[in-house]
Every structure is written in structure tokens, then in C-alpha cells.
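K.L.:
Structure incoming, see below.
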């Protein structure tokens, strides 16, 4: 079974939602967030990136930052910018962007199911990033940003969710990227809760650190509560849940500082041992299928086609494009053993386009770039079902969920 729990959301007044709703905390650095909130005292970045209200010299992980998050959330509630529902609710969250539409359910989900792997993971988390969200949750006593969950699509459930888009929307806003976000009250809550009782597993699409942090906070609060029952709000975390067939994964591309001491000729000779290489010229090259890669170097694009026998097709991780590139080129040829820690590699989300790769390389700060074919949703689910972990930076989901549309108080 999968637990779907209605909750008493704290959410913006309708007339302020456009000012409150913000980008997620983890797509902006502190300076970008400061620029984002300029002239907008209501942006929810004041809660999820509260260093924007402190001196830039203050460490973003200092305890002052989390105290400011608590103060800002309380201020928003006290001023009536955010108002709590009187009854427990579920919400339907529809996103429409560049001809793509996805419709999911916003609600609360079980920490127990996360800890028992009924809510499945596909990424490792970093302790420092976990600590940051743990401190934010403890300071605000709230889940301030939703986890992005998915489930293997079930026609009956998908239809139940879609029924709610015929209701009058609570919110209807379009963000700076042209993505339309519509929020509806769910009017068939009991049917949806019952339907998810028959779903065997849920999957984290994005937000592994938020989920891991909610789990740690639950354990902290449980240990501090001698009357713990398992029904307290801290036993559940905020998420939006979408059917997997509706989700869109974009390419997650790579840029590289140098050729690991190799000349251009030596580099290409090594690459040709594992890939079929063809020159594509000065026209941006985006792979049209899996096991294909684009290479931009010296102001030219090349296509790389993986040769047979270079990977284990039966392994759900080793057969991923990001793993093939890592195992056959980035590590053995360019010497990048740990892409999480190596400063010679960086990652560019596909939303920024191939022109961004060209600009980075043409600047002279980076030697070459690789364009990737997007990871497929079925591949993500297969890795999670196998209790394995994807290589870092395997997926880039668009559109992103906005923060501040719902807060779950603990």
C-alpha cells in the first residue's frame, strides 16, 4: 500500500500567490536568490533561502540563517500572507509548459514508507545538504518545499486525479519561464486515498535531500516525544505525486576543463577505441537516441556512437547513457573518477540549451562539452526497483515545482 494523507496546508492568499511562489531553494545560489527577491518582500525564498535577508558575509549554513527562516515564516503567517486551512485537504497540481502537461496530487506521505523503501530512491545524498534542510525544517517546524514523487501510471488513478482539473482553480499563475501552474482542491479525496492503498511503491523523482531530511527530523522528534504515537504530523512529509508517463526528463550535459594531459589527436584516438566518431561541423548536435553522445571541442561538433560490447545491457545502471560515458570516456580517458568531487567537470541542465555548452567552451575556461540523450523514466524506475543508485546528475526534470504554494506544519 501507499499512504496518501490530506493535510491542513498553509498557503498564500490568492491575490499574493504570484509574489509568494518561488523557484525551489536548490536551483539558485545565494547571490542569485538575493537578486530574485529584490523588490519582493513576499517571495518564499525568504523562507527557503533566508540568507537573502542577512549580510552576504554570513555563512549560508550559520544558525542565524535558520533562525531567519523561522522568523520569516512566522511573519508571513502573522501578516496573513499565508493562511492555514481549517480542514485537511489534498490538492491537484497541474503544470503546462512548452506543450507538455503533467497533473499530480499534493499531499503528505509516510516517513515509515520512505524508511522501509516503499518510497524508492535512485540517488545518493550529501550529508551537508541534508543537514541544511534538517536545520530549516527544525527551525520552521515545517516542510517548506515539496518532494517530487512519481508512481507507475494506473489509468484509474490518473483519471481520478484529472477529474479535479474541472474544478475552479484556487491558483492560476504563469512563471517567468512561461510554465502555467494551476492548483485545485481535490473533491474526490476518499477515492484517491483508497486507490493509492493498492499502489505497491512510490518513487522519488527529485528532492532526495528533502525526503532524507524529513526522515531525520521525524527520528529527532520521535526520540524527543515520550508519547509518540506514529500519527503526529512529523511522521509525514510534503510531496507532489505525478504519474510516470506524464513526466519529462531533460538532458543533463557535461563540460570538461581539460584533456587530462592528452593532445587532441591522442584524445580522439582513445575515444575511437570505444565509440564511432563522426564530424558534425558547427551546427549544435543533440543525440537523437540513447547510446549516442555529442562532443563539442575546438568549435566543432562530433557525434559519438557507442560500440557494441562496451557495456552490460542487462545492468539497469551500467546501461544508462550517463554511466556509459563515465565508464568508457570520462574516467578511463579523462581521469574523472568521481564526478561528484572532481572540479574538472561541471553539469549543465538541458533547459539552458546547447548554446550554453558552446559558450562555456568558447570562453576558453573549458576544453570540451558532451551533450546527452535524456534518461528515460522507465530507466529511473528500473534502477530504483533494483535498489541501485544512478550516477550523479543523471536526470533534470522540467518543469520545476514552485515553493510556497503549500507548507506542511509539523
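K.L.:
Report the convex hull volume per residue for segment 1-90, counting only C-alpha atoms, in Å³.
P.N.:
So the per-residue hull volume is 129 Å³.
K.L.:
Take the Cα atoms of segment 150-200, find their three principal axes, and give me the spread along each one in whole Å, biggest first.
P.N.:
So the three principal-axis extents are 38, 22, 13 Å.
K.L.:
Now, a different point. Normalised by the residues of the chain, what does the relative contact order come to in percent, with Cα pairs under 8 Å and at least six apart?
P.N.:
24 percent
K.L.:
So what does the Cα-only Debye profile of segment 239-304 read at q = 0.24, 0.28 Å⁻¹, as log10 I(q)/I(0), no solvent term?
P.N.:
Summing over Cα pairs of segment 239-304 leads to -1.20, -1.45.
K.L.:
For the chain, with a Gaussian network of springs between Cα atoms less than 10 Å apart, report the residue from 358, 191, 51 with the top mean-square fluctuation.
P.N.:
191
K.L.:
Anyone know which of 196, 268, 242 comes out most mobile in the 10 Å Cα GNM of the chain?
P.N.:
Residue with maximal mean-square fluctuation among 196, 268, 242: 268.
K.L.:
Let me ask something else about it. Sequence gap at least 6, Cα distance under 8 Å: using those rules, report the relative contact order of segment 251-381 to the nearest whole percent.
P.N.:
43 percent.
K.L.:
Also, quick follow-up: Based on the mean of other Cβ atoms within 10 Å per residue, sort peptides 145-153, 360-368, 34-42 so the most packed one is first.
P.N.:
In descending order of packing, they fall as 145-153, 360-368, 34-42.
K.L.:
In 5 Å bins starting at 0, how do the alpha-carbon pair distances of segment 182-327 split up by percent?
P.N.:
Pair shares across the bins are 2, 6, 11, 13, 13, 10, 9, 8, 9, 7, 6, 4, 2, 0.
K.L.:
Can you show me the helix-derived [θ] at 222 nm for the chain, built from DSSP H runs with n ≥ 4 at -39,500 (n - 2.57) apiece and divided by the number of residues, rounded to the nearest 500.
P.N.:
So the calculated ellipticity at 222 nm is -8500 deg cm²/dmol.
K.L.:
Jot down the per residue volume, in cubic angstrom and as a whole number, of the convex hull over the alpha-carbon atoms of the chain.
P.N.:
Value for the chain: 153 Å³ per residue.
K.L.:
Could I ask something else about it? Using only C-alpha atoms and all pairs of different ones, pull out the Kirkwood radius for segment 1-48 in Å with one decimal.
P.N.:
That comes to 12.5 Å for segment 1-48.
K.L.:
Under 10 Å, Cα contacts only: if you run a Gaussian network model on the chain, which one of 52, 81, 27 comes out with the highest mean-square fluctuation?
P.N.:
Fluctuation is largest for 27.
K.L.:
Based on Cα positions only, what radius of gyration and what Dmax would you give for segment 252-373, in angstroms?
P.N.:
Spelled out, the Cα radius of gyration and Dmax of segment 252-373 are 13.3, 40 Å.
K.L.:
Here's something else I'd like to know. So what is the diffusion coefficient of segment 124-187 in µm² per second by Stokes-Einstein at 4 °C and 1.567 mPa s, using a Kirkwood Rh over Cα pairs?
P.N.:
85 µm²/s
K.L.:
Another one. Quick one: helix 353-362 against the long Cα principal axis of the chain, what's the angle to the nearest 10°, folded into 0 to 90?
P.N.:
Approximately 50 degrees, to the nearest ten.
K.L.:
Where does segment 65-183 land on Rg(C-alpha)/(2.2 N^0.38 Å)?
P.N.:
Computed over Cα atoms of segment 65-183, the ratio equals 1.26.
Each reported figure results from applying straightforward, stated rules to the coordinates on display, with no laboratory input. Small disclaimer: the values here were computed from a predicted structure and weren't measured. Glycine also receives a Cβ, built like all others from the backbone with ideal geometry; neighbour counts cover every protein chain displayed.
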